[in-house]
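Some notes on the structure that comes next.
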Amino acid sequence: MPQNVVGSQIRKLRSARDLSQEQLAAKCGIAGFDVSRGTLAKIEAGIRCVDDVELWILAHALRVSIEDLYPEKYLAMGAG
């Protein structure tokens, strides 16, 4: 079963940039990911999974690398 491990990190990064969910959704829309505030809330809560293209657009909208969207413990798994 798919998991959403990036949601909490997306929320942290969005908050650190002082963006509302509506503002981030608008930035995603400009980049081609038509996402509502409600869907973004579900992503941040870990309820809705994110596909690879959506992940790329979220990283672009937040001006971070895709790796920055993953919690540290998941990055450490790949370092071995």
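At-a-glance table
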| read-out | value |
| --- | --- |
| For the chain, accessible area per residue (1.4 Å probe, heavy atoms of protein chains only), Å² | 63 |
| Asn4-Asp18 pseudo-label distance in nm [points 7 Å out on the Cα-to-Cβ vector] | 2.7 |
| Carbon/sulfur fraction of accessible area - the chain, other protein chains in place, 1.4 Å, % | 52 |
| Shape call, the chain: gyration tensor on alpha carbons, a/c limit 1.5 | prolate |
| Most mobile listed residue (Ala41, Ala26, Ala16) in the chain, GNM with C-alpha springs under 10 Å | Ala16 |
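The values are calculated or read from the model by the stated rules, or taken from the named source; none is laboratory data. All values derive from a computational prediction rather than experimental measurement. Heads up, the Cβs are rebuilt from the backbone with ideal geometry, glycines too, and the neighbour counts pull from every protein chain shown. Accessible surface is based on the protein model in full, side chains and every heavy atom, while ligands, DNA and RNA are left aside. Shrake-Rupley method; radii C 1.70, N 1.55, O 1.52, S 1.80 Å.
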